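**Q** Below is the structure I would like to discuss, written out as structure tokens.
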Amino acid sequence: MKNEELNLLHRYLDGAITPDELEPLEDLLRTSEEARATLRSLATIDAKWQQLATEELVAAPSDSVTASRMTRKAIPWWLTFSAIAASVIFGAFGWFRAPGQRAGEIRHGIARVIRIEGDGTTGKDRNVADGTELFAGEELEMQRGLIELAFRETGVHVVATAPLRMMLSSDQRVSLHEGQVKLVVPPQGVGFVVDTAQRKFVDLGTSFVVTAGAKGSEVLVLDGQISVDDHEGTSAELMNEGEFARFDRDGKLKKRTPTRLSQALPELSLEATRAGDSSLRGIVLGYESRAAMTKNGPNEDVIARELLPLIRSGFNDGSHLEALKQGEPLSFRGIAGAFHEFPDRTGLAPYSREDGWLVWYHGQVTPARAGRYRFWGYADNHLLLAINGKPVFEGSRKNSSFKELGIERTDNPALPCLIAPAGFACSEWVEVGNDPVRLDILFGEVGGNTTSGLLLVEREGETYEETLWGQPKWPLFLTETPSAEEAAEFKRLVDHLGQRTMGSFSVSEEAVWRVAE
């Protein structure tokens with residue numbers, strides 16, 4: 001390898017890589033087997049990773065929790081899901097050690113179980129539990145439940161649901177005979193293979209879901225790209241983000257859909273401008289024309305940058321908004337699903353579509369109950385929530401200017417969602433009482449008209465129903481009780497998300513934060 005390529009790998013592991021270096025890194029790992037092997041070796045012995053694992057082991061509670069919940073290290077915003085998955089994998093191997101077991105006594109397998117819900121065994125009738133090491137050649141079986149595991153060298157993260165029968169062939173390959181698996185693959189795991197009886201699915205840097213059974217197999221690409229090969233190596237086809245394919249038991253392609261996932265997402269059709277006395281009010285903002293702003297590059301986020309002074313002033317200084325065009329007064333109806341036509345439905349159009357839009361909801365609200373809360377969700381592109389002028393949750397994509405604020409967040413790649421390879425974003429816990437608080441919510445789009453998001457809330461101590469892939473169905477964050485018509489639309493959206501392993505939520509009147517009188 002060239003010195004500059006080796007330095008790039010070291011900078012990646014040190015967390016010092018810049019946004020401009022990220023694309024060359026991914027290209028290098030995609031095209032060079034030597035680079036992938038070198039990165040795996042460096043990551044295995046890197047002192048910083050070892051120190052991280054040791055620190056987390058000391059701080060970890062005695063009971064087992066998922067790696068995604070325990071990851072509290074700040075991760076620079078510009079690292080892709082690959083860095084997040086890598087931090088999960090290398091940290092996780094330090095967390096799950098049997099009581100009284102010393103590091104030198106551990107026999108390492110090719111993967112380790114992060115959590116299991118249900119009963120699982122290997123082909124040797126060995127019971128599987130949290131922290132179990134899994135070895136090459138073992139066949140994992142489950143009749144019910146869910147298992148989450150991470151591959152040691154490649155950093156591949158897997159969530160699988162029963163009924164499950166899966167062979168761990170090597171650290172770069174599994175054979176799925178029955179069940180459903182969702183994978184997040186970091187750069188050093190490029191080339192990871194999922195074999196089914198009908199097809200071989202080869203990762204090219206992505207997140208995807210494979211389902212296998214007696215009737216055939218299916219694959220859904222959540223992010224990135226995969227190669228779909230037959231077992232003879234005579235044909236290969238590429239599949240991209242949002243594509244779905246189904247193969248019958250003989251390997252014949254039965255269905256393939258090329259549509260983008262976000263474009264197929266339902267958009268709530270209810271009136272967003274119907275503001276009443278009990279509504280959290282808002283305004284939608286955009287540029288009148290392209291001549292009304294200065295843009296330093298075609299991909300620069302200018303609309304969120306325009307609102308940074310407002311955020312930094314504790315949402316008190318709105319003078320920078322005077323240059324922006326405003327739509328009709330809005331009523332907050334929750335953030336869920338697609339918002340492709342939102343500017344048109346709310347009176348902002350015509351506006352400079354290429355330069356994006358943002359909606360700002362604000363007002364005094366009373367929390368559902370006193371206690372500690374945290375917020376979950378994601379957005380394409382902008383999502384920020386503040387309480388009493390202080391930002392507490394940021395769930396934007398990596399190209400949002402809100403990343404400049406450095407708001408603490410945790411990403412959860414084990415929890416699949418529509419548009420964020422890192423899974424759901426999660427805030428720190430926030431304590432509130434019974435008195436009203438000031439609430440500010442920002443949500444919007446960098447540019448174009450492909451917009452979606454989800455904003456949920458969790459109260460500490462509450463229990464929630466879980467999806468088959470282990471995501472609690474946290475309540476949608478609302479400031480009014482939804483009407484029967486709204487509830488029906490929310491149910492339609494939940495059904496769509498759940499069927500496609502994109503995330504889920506619930507609607508609970510007990511979780512509503514109501515506008516203060």
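**Q** If you check Glu354, Glu322, Glu306, which single one turns out to be surrounded by 17 or more Cβ atoms within 10 Å (Cβ to Cβ), among the charged types (D, E, K, R), out of contact with any Cys (no Cβ under 6 Å at 6 or more places or on another chain) and not in a loop (DSSP other than H, G, I, E, B)?
**A** Glu306
**Q** Restricting to the range 208-255, what's the tally of residues that are of a type in the set (S, T, N, Q), touching a residue at least 24 places away in the same chain (Cβ under 8 Å) and out of contact with any Ser or Thr (no Cβ under 6 Å at 6 or more places or on another chain)?
**A** 2
**Q** Sticking with this one: Could you check the range 470-509 and list, in sequence order, the residues that are outside any helix (DSSP H, G or I) and over 21 Å from the mean Cα position of the chain (by Cα)?
**A** Once the filter is applied, which keeps residues that are outside any helix (DSSP H, G or I) and over 21 Å from the mean Cα position of the chain (by Cα), the range 470-509 yields Leu478, Thr479, Glu480, Thr481, Pro482, Ser483, Ser508.
**Q** Further question: For the range 193-248, enumerate the residues that are farther than 21 Å from Glu139 by Cα, among the polar types (S, T, N, Q) and part of a loop (DSSP other than H, G, I, E, B).
**A** If the condition is that a residue be farther than 21 Å from Glu139 by Cα, among the polar types (S, T, N, Q) and part of a loop (DSSP other than H, G, I, E, B), then Thr234, Ser235 are the ones that fit.
**Q** Continuing with the same structure: Among the listed residues Asp411, Asp380, Asp440, which satisfies the condition of being at pLDDT below 95, within 29 Å of Glu288 (Cα to Cα) and of a type outside the set (Lys, Arg)?
**A** Asp380
**Q** Looking at the range 369-394, which of its residues are hydroxyl-bearing (Ser, Thr, Tyr) and more than 18 Å from Val437 (Cβ to Cβ)?
**A** Listed by number, the list holds a single entry, Tyr378.
**Q** Only one residue in Gly337, Gly356 is touching a Leu at 6+ places or on another chain (Cβ under 6 Å) and at pLDDT below 95, so which one is that?
**A** After ruling out the rest, the residue left standing is Gly337.
**Q** Determine whether Ala323 is modelled with pLDDT of 95 or more, assigned by TED's automatic domain parsing to the domain that holds Thr479 and more than 16 Å from Thr451 (Cβ to Cβ).
**A** Spelling it out, it is not the case that Ala323 is modelled with pLDDT of 95 or more, assigned by TED's automatic domain parsing to the domain that holds Thr479 and more than 16 Å from Thr451 (Cβ to Cβ).
**Q** Continuing with this model, one more query. So, in the range 254-288, of the ones that are modelled with pLDDT of 75 or more, over 13 Å from Gly327 (Cβ atoms) and out of contact with any strand residue (DSSP E or B) (no Cβ under 6 Å at 6 or more places or on another chain), which residue ends up surrounded by the most Cβ atoms within 10 Å (Cβ to Cβ)?
**A** Gly276
**Q** Can you pull out the residues in the range 442-456 that are under 12 Å from Phe424 (Cα atoms) and either among the hydrophobic types (A, V, I, L, M, F, W, C) or assigned to a loop (DSSP other than H, G, I, E, B) (or both)?
**A** Residues satisfying the conditions are Leu454, Leu455, Leu456.
**Q** Which one of Thr463, Thr467, Thr481, Thr451 is in contact with a helix residue (DSSP H, G or I) (Cβ under 6 Å, 6 or more places away or on another chain), among the β-branched types (Val, Ile, Thr) and on the phi < 0 side of the Ramachandran plot?
**A** Thr481
The values are calculated or read from the model by the stated rules, or taken from the named source; none is laboratory data. Note that this is a predicted model, so its numbers are computed, not measured. Every residue, glycine as well, gets a Cβ built from its backbone with ideal geometry; the counts of neighbours run over all protein chains shown.
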